[in-house]
Amino acid sequence: MSKVYLQFVFLLMFSTVSLLINIAGAQTKDVVNEPLPLEILKEFTDAFATIKTDYVEDIDDKTILKNAIKGMLSGLDPHSTYLDATAYKHLKEGTTGEFGGLGIEVGTEDGMIKVISPIDDTPAQRAGIQPGDLIFRIDDKSVKDMTMDESIKIMRGKPGTEIKLSIIREGLDKPLIITLKRAVIKVKSVKSRLLDKSYGYIRISSFQSRTANQLKKAIKKLTKETQSEQSSKKSEAALKGLILDLRNNPGGVLNGSVAVADTFLNEGLIVYTKGRVKDSNLKFSATHGDMMKGAPIVVLVNAGSASASEIVAGALQDQKRAVIMGSDTFGKGSVQTIKPLTHTTAVKLTTARYYTPSGRSIQAEGIVPDITLANISLKKSEHDSFMQMKEANLKGHLEQTRDKNKKQEDSKKGHKKSKNKSEKSAEETDYGLHEALNLLKGMSILNTQKTYK
């Protein structure tokens, strides 16, 4: 097959494609109709013909054209990509909450795979992989010439099989080599527990189609637990406040994040999107029904909070419904739309940018928290004990005495105190959670004073 013949065939094919694009563009006002540049088309056909005739191995036309599609999309931005049958299937599984692999959300940076965040209770999180880690080698294969889709396909595999990741981490002098064992990733997107009897803690690890319903169930469960703890005051028992933990939440389904924000709002805009075509220009507003009934909320975020997490944080911040605490978020302010090509393949295409109610674009900026926290952890040490001076450390202090009649009662209280101390271990070691709970208690006190003033 000669190069001249191939060029003729492709010029004929692209003439047809150009006609179809012009017809489609005529139906969409915002799409600019321009003729396909013949010089670039000739360059493409020359490249195709050269591959067909001169490449060291015989490559079929289908493979070359699929690679061309991949190249078109990968050259746009880090989030647009071609989804073959396997990738399309994995994407569907990821939105419903169960898939196989390592449990990390990734993007690209400087030819390497960048970890946006590990997912809770997955091999990646248990192995200590952190947001911002750069994967430069997978099983001794460089990722530099891989598309993100190709790297994800390699990282996913049969549960129980091992994979080795070579990672560059900021602050370390040499790369990390981490070996992980693949597993079936079952993502439970909402976890909850009660803090200090009257304060709720809810962790959302990703946004799925079912997340908002799980969130509402969690709030009802925490409210019942609060009433149980305060059974003598059932009519008054309610959550005094809530910590919503979105740290290392890579995002997920847009509608899921809108529904989560709506759970805490009675009215107003949540998010809007703007793109080139009408279908990309959308507005999402809250419906009446704040499940927390105005009780204070603190939202925890960090650099691993991306996309849908930023929608929730931005909406609650702009609507003055919550205090955002932590560090600047990831800054993924673009919307990807899945456009099926066949029954088994599709393209994931960036079609719009999203904006918070006040008109802020999050893209490459992120949400700036109201209160910035340092990335530290709370750990008791001998140094801490040495530095904390108490009455018992003073020379000649009075010894403790006990009222004999109160001995039994104090013993019971001591047992209860010990139990509460054990339950609070997470708050004592998690600096962000510790600070959020302190702030929440202060907000709750002020809220109560305003109510009864």
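The numbers here are math on the coordinates, done by the rules we state, and not lab data. Bear in mind that the values here come from a model prediction, so they are computed numbers and not experimental data. Note: ideal-geometry Cβ built from the backbone for every residue, glycine included; neighbour counts use all protein chains shown.
Please tell me the relative contact order of region 98-186 in percent, rounded to the nearest whole number, where contacts are Cα pairs under 8 Å and at least six residues apart. Before the final figure, lay out each step's value.
Details: 192 pairs, mean separation 29.8, N = 89.
Result for region 98-186 is 34 percent.
If amide hydrogens are placed 1.01 Å from N in the peptide plane, which non-local residues have theirs closer than 5 Å to the one on Asp245?
Here the answer is Ile202, Arg203, Ile204, Leu300, since their amide H atoms fall under 5 Å of that of Asp245.
If you project the alpha carbons of region 30-166 onto their three principal axes, what span does each projection cover, largest first, in Å?
So the extents along the principal axes, rounded to whole Å, are 53, 44, 27.
Taking θ = phi - 60°, what integer Hz values does the Karplus form 6.51 cos²θ - 1.76 cosθ + 1.60 yield along region 158-166, in sequence order, with x for Gly and Pro?
For region 158-166, the Karplus-derived couplings read 5, x, x, 7, 9, 9, 10, 10, 9 Hz, x marking Gly and Pro.
Listed highest first by mean packing, meaning other Cβ atoms within 10 Å per residue, what order do 441-447, 298-304 come in?
On the way: 441-447: 14.1, 298-304: 25.3.
Ranking the peptides 441-447, 298-304 by packing returns 298-304, 441-447.
Among 173-184, 41-52, 196-207, what's the highest-first ranking by average C-beta atoms within 10 angstrom per residue? Before the final figure, lay out each step's value.
On the way: 173-184: 13.6, 41-52: 15.4, 196-207: 22.8.
Descending mean neighbour count gives 196-207, 41-52, 173-184.
Normalised by the empirical 2.2 N^0.38 Å for globular proteins, what value does the Cα Rg of region 98-186 take?
Details: Rg = 11.8 Å, N = 89, 2.2 N^0.38 = 12.1 Å.
In units of the 2.2 N^0.38 Å rule of thumb, it is 0.98.
Given contacts defined as C-alpha pairs under 8 Å and at least six residues apart, what's the relative contact order of region 134-277, whole-number percent? Please report the intermediate quantities before stating the final value.
Working: 197 pairs, mean separation 25.6, N = 144.
About 18 percent, as a whole number.
Taking θ as phi - 60°, what are the ³J(HN,Hα) couplings along region 284-295 by the Karplus curve (6.51, -1.76, 1.60), each to the nearest whole Hz, with x for Gly and Pro?
3J(HN,Hα) across region 284-295, in whole Hz: 10, 10, 7, 10, 5, x, 6, 5, 8, 6, x, 4.
Applying the Karplus parametrisation 6.51 cos²θ - 1.76 cosθ + 1.60 with θ = phi - 60° to the phi angles of region 71-86, what ³J(HN,Hα) value in whole Hz is obtained for each residue in order, glycine and proline being reported as x?
x, 4, 7, 5, x, 7, 6, x, 10, 8, 7, 8, 10, 6, 4, 5
Scan around Ala352 for amide H atoms under 5 Å from its own, H built in the peptide plane at 1.01 Å from N, and keep only partners 5 or more places away or cross-chain.
The list, which skips near neighbours in sequence, is Val335.
For region 290-373, what is the relative contact order in percent, using Cα pairs closer than 8 Å and at least 6 residues apart in sequence? Don't skip to the end; give the middle numbers.
Numbers: 157 pairs, mean separation 27.4, N = 84.
Answer for region 290-373 is 33 percent.
For Ser117, which sequence-distant residues (separation of 5 or more, or a different chain) have an amide H within less than 5 Å of its own amide H, given hydrogens modelled in the peptide plane?
Answer set, sorted by chain and number: Glu105.
Arranged from highest to lowest average of other beta-carbon atoms within 10 Å per residue, in what order do the peptides 220-227, 62-69 appear? Before the final figure, lay out each step's value.
Working: 220-227: 16.1, 62-69: 12.4.
Highest-to-lowest ranking by the protection proxy: 220-227, 62-69.
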